[in-house]
Structures are given as structure tokens and as C-alpha cells.
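Some notes on the structure that comes next.
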Amino acid sequence: MTSKRLREASMPILFSSCYQRLEYPAAAEDIIPQKLWQYVRTLHLKCVCRPLRAFPHTVYDDAHPPTDPVVCGAFHRWLTDVAVRKMPRLTEVVFDNCKYIPVHGLPWRTVRAMLTIPNLHHFAIASLRICPTADDTVEWGDSGLQPSAALSSFRYWVRDPTPTRSFPAEERGLDTVVRAFHASLETLDLPSEPAPIQLMCSLSWPRLRELRLRGLRWTTPSTPIVSLFACMPHLRTLVLQLYEPEHVDARAVWPRGFSATYPWPELEYLSISHPDADDDIYAHLPPTLRGLALRSWPHFCVQIKNDNEYPPRDLRWSFPMANASSILRILQRCGTPDLRTLELEYEVDEPGVDAELLQYVAASFPRLRTLELHRYRNGDPVVPTAEIARYLSPLAELAMLKLHLDFPGTPPPAFSPADQRRFCNSKALAAYDVTLRSTAATFASALTYTSPSLREIWVLRYVAYRGPMWADFSVIRADGGAPGAAEVRVQRQDGRFYMSRT
Ligand SMILES: [Zn+2]
């Protein structure tokens, strides 16, 4: 009896979050047993469809448009039309895909079915396209999709690398979602190409706290972002991971001389790819800001992986990497001494500026707890590891340090079986392991006494078939050790992925 009661009492906890992989053709009996439906709060569904005619690594561009758009058939109607409506506690649905298929996704019918679940708060679609082809079976427009006060988070993430093009039906689907839920959404995460930018800037967003856009920068509307998204006055997180069309310079969020009023007084985190040193946004950042990321997008270390993985014609982004001088100019304009997180990616340029930049970071942002530094040496054969560590040593509250110092001889990513064998047998791999360890030890020694909170040092490396990942080192202090004394224990974490989505 006791075990039965315990089992019944634990059911709502054990089955509150359900994860299911579904194959095509899907069958109703594959779906979560009906007796468990009453407990499900989060439903994570993953299709295991494989590409049909498309080669897995095919990346389409304008010269090679997709000829085989695939509508996913793994999510059975019994699940999307019946089962989810008998899950009274369901508040979160996530759709995902196991395999990389460039053009593969959900029909509008499935998307709409999820968006009409009563009390759905969070809806996410990852690695699947919305409406990759027209769905003639469904009326557009309202089509039963009514504004909801419940839906607070809509995330649509297209896997990187991906075709940058969008589909007309996809654009129409996002247009419908934005019109229906702009008043309730607190989080909106979209690829930029199909995002209805013109519509978004014409609506009110009374609850929006987080906006993330990634992809090719739109050309119309041409209004600067500081004005375009002034209709989102409560933003706390603004992530603009945008790359420019070829031969177009980075565009400022707030161009010099443009007449505007700063619109986001509660902003806590700002991420800008390809920053412009003349952008006036940096001089207006509020004291609430706690996190700042000045990173290229896609992150350059991910691009290196892509360059090894894909044919040259498929994926090329054209933009200059920020240099140390421009990053220094930007940071000197920021009146945000209470930053807790800073992410920088730059290339060394003028002699001495790199040192000035790192010393400025340590002196001007003394409350940093996390620093992620991607420093590209611009052909210099020497990486001054000890000097960099010394420049950063005044950061007394630092707890996490992530480093990519572009060491000469860094083993590149490898993706073919032949490359894999060469990679694994190479002396370069062993030598690089020594470099990783000595780098962590150097920084631990320089910072551990002045930065008593320092716990983790991560150093970037490439892993065959996976691309960039972090090697994790814990900082262990010797009891009663003299100032500067520290032991560094290596913890190899092959599963600690580099998160390029952030
Ligand atoms: Zn599928």
C-alpha cells in the first residue's frame, strides 16, 4: 500500500517533463501513454526524420535553391490535435529534430494546433522550419488563432549553419504569430530573415522583456534599431546577432547624429555583433546593464569550423573582425561600471592597444564575475599569455574565465574519417593539451590570490566532428598557500559544448 501511495504521489513529478523521439511514419500508439497525460507540464518532441534527396551537408544559396522541401510527418495528428488537449497541465511545448536537414519543418496546421493549447506559456521550435512549403489545407488569416494572455515565450531557432533564405509561408506564419501574441509575449526569439520586422515595429509590446534576432541584417525598413524597437520599452535582454550583406559596413544601432531618445531604461543584457565604434548606443547604456557581448556572428571560432566542414561556395560571411582599438573605444564610452558579464572578440591591431584594452577592462569593470575573451593574434607568432593574465589580475570578483587565445599550432577541426585518424594520431593534439593546461595554470596562478572567487577557467579547443568545445579547469587553492599559490586540477569535459546560440 505504501509503495502504491508513494508511486502515485511521485507520478506528477516523474512525468511532469516528457521527452519523446518520433519517427516517420508516426503511429498513435507511439505516443506517450494516455494514463500519463494528466501529469505532463513540459512536452519535448523530437523527430528522427532523415533527409530524402538532400545531402546532409547541403547548404542552399540563391544559386542552388532547395528542390526538396520536406514537411515533417513524424508528429502524428493524434498527438497534435487530440493528445495535447487532454493534458490539462501542459504549459510548455518544444519541437526539435535529431538530424541536420537543411529544409525540413512543421506545417502551419501543427504550429497552429500548439498555439491553441489552453494555458500554453512557452513554445519553442528548434532545428525545424515553420511552414517550409505552402500548406493548402489550412485557411490563413485568423484561422482560429486568437490572442492569448497565456503565451509568454515564443522561440524559433534555425540551426546554424542554415540557408539564409526564408519561405513565403514561413514569413506568413510568423506574421500571424506576432499579430496574435505581441501583447502577451515576454520573450521573442526569431531568425531575422523571415521575421516580420516592419510589423514588429508597428505594434505595441507591453510585456516584452527579451528580444533575440539572428541572421542576415534586413535592408528594409532602414530605420535605425534604436528607433525601430522603441515600441519595446521594457526590454531587459536585447540580442542582435546580425551579419551584414556582402560589402555593406556594419550599421550602428544608434548612428552618430541620428535624433532619438534612448528607449530601454531597464536593459540588463546587450549583445551586438560587428560593433561600430561610432555607435552612440554605448554612450547611453543605462546603469542597470549587467551583461555586454561584443561578438561577431556567427562567432568566428564557429566560422573556422564551418570553413573546414562545408564547401567554400556554401557559407561565407563577409565582414571584418573588430580590432582591439575599436573595442577599446567602445568600452571607453560605456558608463556601466557594474557589469557582471563581458564577452569580447577582437583581433590585435596597433602595438600596445591590446594591453591597454585588457587593463582598461580590469580597471573599469571591477565587478565582473564572468569574462569571455576571444583574442585573435593577427599573425603574431607569440601569444603573451603571462602578460594577459597579469593585466586581468585586478578583477577581484571574477569567478569564471573563458579563453580563446588563438594559439599557433591549434589543431583544427576535422570532419572526415581520414581527418579524424590524422587528428587523433597527431602529436599536435598532445602538444595542444599541454598548452591548454599550462594556460589554465598561468591564469590561475596570476589571478587566484587577487581573485579569490575564481573557480573555473575554460580554454577553447576543437574536437573532431564537434567543432569548438571548452576544456574545463577547476581552480583548487592549496590550504594556507602563499599568495599566488594554487593548484589547478584538470577536468576534461568532452560533453561541455560551445554554445553558439547564446
Ligand atoms: Zn521530421
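Here are the numbers for the structure shown:
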read-out	value
Residue that is nearest to the ligand (Cβ to nearest atom), among those in region 116-133 that are within 13 Å of residue 92 (Cβ to Cβ) and touching a helix residue (DSSP H, G or I) at 6+ places or on another chain (Cβ under 8 Å)	125
Qualifying residue in region 82-95 (condition: at pLDDT below 85, under 18 Å from residue 20 (Cβ atoms) and within 14 Å of the ligand (Cβ to nearest atom))	no
Selection status of residue 58, more than 16 Å from the ligand (Cβ to nearest atom) and either modelled with pLDDT of 90 or more or crowded, with 17+ Cβ neighbours inside 10 Å (or both)	yes
Condition met for residue 79 (of a type outside the set (Val, Ile, Thr), closer than 19 Å to residue 177 by Cβ, within 16 Å of the ligand (Cβ to nearest atom) and at pLDDT 75 or above)	no
Residue count, region 321-353 (criterion: surrounded by fewer than 18 Cβ atoms within 10 Å (Cβ to Cβ), under 16 Å from residue 284 (Cα atoms) and in contact with a strand residue (DSSP E or B) (Cβ under 7 Å, 6 or more places away or on another chain))	0
Any chance residue 242 is buried (at least 17 other Cβ atoms within 10 Å of the Cβ) and at pLDDT 95 or above	no
Residue in region 357-368 that is small (Gly, Ala, Ser) and crowded, with 18+ Cβ neighbours inside 10 Å present	yes
Residue in region 358-371 that is over 18 Å from residue 439 (Cα atoms) and modelled with pLDDT under 95 present	no
Cross-chain or 6+ apart pairs with Cβ under 9 Å, region 188-204 first and surrounded by 21 or more Cβ atoms within 10 Å (Cβ to Cβ), then of a type in the set (Val, Ile, Thr) and part of a helix (DSSP H, G or I)	188/178; 190/178; 195/178; 200/178
Top-ranked residue of region 120-151 - restricted to ones that are of a type outside the set (A, V, I, L, M, F, W, C), closer than 20 Å to residue 189 by Cα and modelled with pLDDT under 75, ranked as surrounded by the fewest Cβ atoms within 10 Å (Cβ to Cβ)	147
Region 154-170 - residue that is closer than 26 Å to residue 234 by Cα and surrounded by fewer than 20 Cβ atoms within 10 Å (Cβ to Cβ) and, of those, modelled with the highest pLDDT	155
Condition check for residue 461: at pLDDT below 75, of a type in the set (Lys, Arg) and touching a strand residue (DSSP E or B) at 6+ places or on another chain (Cβ under 8 Å)	no
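Table: residues versus (1) at pLDDT below 65; (2) away from the ligand (no atom under 16 Å from the Cβ); (3) among the β-branched types (Val, Ile, Thr); (4) not assigned by TED's automatic domain parsing to the domain that holds residue 132.
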| residue | (1), (2), (3), (4) |
| --- | --- |
| 7 | no, yes, no, no |
| 30 | no, no, no, no |
| 35 | no, yes, no, no |
| 68 | yes, no, no, no |
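The values are calculated or read from the model by the stated rules, or taken from the named source; none is laboratory data. Since the structure is predicted, the reported quantities are computational estimates derived from the model, not experimental observations. When we count neighbours, we look across all protein chains shown, and the Cβ atoms used for this are built from the backbone with ideal geometry, even at glycine.
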